[in-house]
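The values are calculated or read from the model by the stated rules, or taken from the named source; none is laboratory data. This is a predicted model, so every value here is computed, not measured. No Cβ is skipped: glycine too gets one built from the backbone with ideal geometry, and neighbour counts run over all protein chains shown.
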Amino acid sequence: MHGLRFLTLIFTLMMSTVAFAQPRTISKIVDKSTISQDDETKIEKYAVGWAEQLQSTDAEALEQARTKLIGPFEPDVRMTPYARSLYGKYLKQGFVPLLSKDNENEMAAVNALQILALLGTEQASGLLLKHADISTENRATLRLWASVGLGTTFLTGALPENRVERYAKLLSNFTNKESDWFVLARQFDSLASLQSIPNQDRIQQDALEILSFQLQTSSLVNLLNSINASNETDLRAQALPFILPSLLLQLIEPSVPDQVKTETFETIVPPLITFVEYAATNHSDEEDTFLHGAYGGGAHSASLLINRGLDSYGGEKVIDLWNSGNYLAILELVETWKASQ
């Protein structure tokens, strides 16, 4: 009995040692521009130690690890750029096994991507780009959160403008390859976020706004052309009821220059008209209720952009015509739009 108690005591002490192996906080370290080797070691133990705990399947332990890893990003901590770089270096080290293709714990991987997004650094962006690209990441859940994370990274305002431009162009290229509609929708959201990056002067803001519309426009045209050329039901059409209303809201914003609006509408209206015609002709009898609604919602959202671009208003709403089965009236609208171009 005494031996058992002794072993229990030893085990308890060992677990306590593991629990306190990483510092409980590094907030008084990461607010410094000069960091000693001892303090860097503390940052390493903190990042790697809590990263390992993200693998836990215990909800309380997982939440504790997530809270600890996010803690240094709190505004009142005032993390310096140098400390951010060091913290990112060791977060990346701790997250490598979590993001590995061999790791079946997707919850841990998702948490890792969400935390990386808060870094706003080039090293974090590299990992997010890798996992947002269907060519290098076959797990849709990870592509989803990596794509969301790139938007979060842009919005930290920590990346230099030339890097934002480079990463946004890469993300735009990913939309041309992406097969899952829900990932596509969030990739477009991240491209739209370029218009809201903080800490930019007026010239930078204008340049990023133009870039945002250019990339969304080219990505949308490629997507529409691909859907319109499909001989079968294209599941990516489910993204359009999310992408198109978002773009419309951006374009009616008074602060957007008229030239940007004009150029965007001139580019997107023709493939949008083609999509409405394609949807009404080929997918009016879609058996899947959700897909039928997606094509109808996409056609309706497209019609709102078309009417805005052609200064054509009035008449019955496409969504009402679609729901009532009056596809012939939709095709008549298409002919009217074609004549107005």
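The table below gives the values:
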| quantity | calculated |
| --- | --- |
| Among (1) crowded, with 16+ Cβ neighbours inside 10 Å; (2) farther than 13 Å from THR121 by Cα - the single one LEU86 does not satisfy | (2) |
| Matching residues, region 79-96, being over 14 Å from THR25 (Cβ atoms), in contact (Cβ under 8 Å) with a residue 12 or more places away in the chain and not polar (S, T, N, Q) | PRO81, TYR82, ARG84, LEU86, GLY88, LYS89, TYR90, LEU91, LYS92, GLY94, PHE95 |
| Scan of region 116-142 for residues that are within 13 Å of VAL96 (Cα to Cα) and either without any contact (Cβ under 8 Å) to a residue 24 or more places away in the chain or not small (Gly, Ala, Ser) (or both), ordered by number | LEU116, GLN123, GLY126, LEU127, LEU128, LYS130, HIS131 |
| Any pair with Cβ under 8 angstrom, 6 or more apart, that starts in region 37-50 at a residue that is modelled with pLDDT of 95 or more and acidic (Asp, Glu) and ends at one that is surrounded by fewer than 16 Cβ atoms within 10 Å (Cβ to Cβ) and part of a helix (DSSP H, G or I) | GLU44/GLN93 |
| Subset of region 57-79 [crowded, with 16+ Cβ neighbours inside 10 Å and assigned to a loop (DSSP other than H, G, I, E, B)] | MET79 |
| Among residues of region 245-279, those that are assigned to a helix (DSSP H, G or I) and more than 28 Å from ALA329 (Cβ to Cβ), counted | 7 |
| Selection within region 280-295 - part of a helix (DSSP H, G or I) and under 16 Å from GLU332 (Cα atoms) | ALA280, THR281, ASN282 |
| Residue match in region 140-150 (condition: charged (D, E, K, R) and surrounded by fewer than 20 Cβ atoms within 10 Å (Cβ to Cβ)) | no |
| Close pairs from region 318-341: first farther than 18 Å from HIS283 by Cβ, partner exposed (fewer than 11 other Cβ atoms within 10 Å of the Cβ) and charged (D, E, K, R), Cβ under 9 Å, at least 6 apart | SER340/ASP311 |
| Residue ID - nearest to ASN225 (Cα to Cα), chosen from residues in region 176-209 that are assigned to a helix (DSSP H, G or I) and basic (Lys, Arg) | ARG186 |
| Unmet requirement for PRO254, which otherwise passes all of (1) of a type outside the set (Phe, Trp, Tyr); (2) closer than 23 Å to ASN225 by Cβ; (3) under 32 Å from the mean Cα position of the chain (by Cα) | (2) |
| Residue check for ALA65: farther than 18 Å from LEU119 by Cβ and aliphatic (A, V, I, L, M) | no |
| Residue within region 155-166 that is touching a helix residue (DSSP H, G or I) at 6+ places or on another chain (Cβ under 8 Å), in a loop (DSSP other than H, G, I, E, B) and not basic (Lys, Arg) present | yes |
| Any chance VAL276 is closer than 21 Å to LEU249 by Cα, crowded, with 18+ Cβ neighbours inside 10 Å and at pLDDT 95 or above | yes |
| Where a residue in region 221-239 is in a loop (DSSP other than H, G, I, E, B) and its partner, wherever it lies, is of a type in the set (Val, Ile, Thr) and buried (at least 21 other Cβ atoms within 10 Å of the Cβ), with Cβ under 7 Å and at least six apart | ASP234/ILE227 |
| Residue check for ALA109: surrounded by 14 or more Cβ atoms within 10 Å (Cβ to Cβ), in a helix (DSSP H, G or I) and either of a type in the set (Gly, Ala, Ser) or modelled with pLDDT under 95 (or both) | yes |
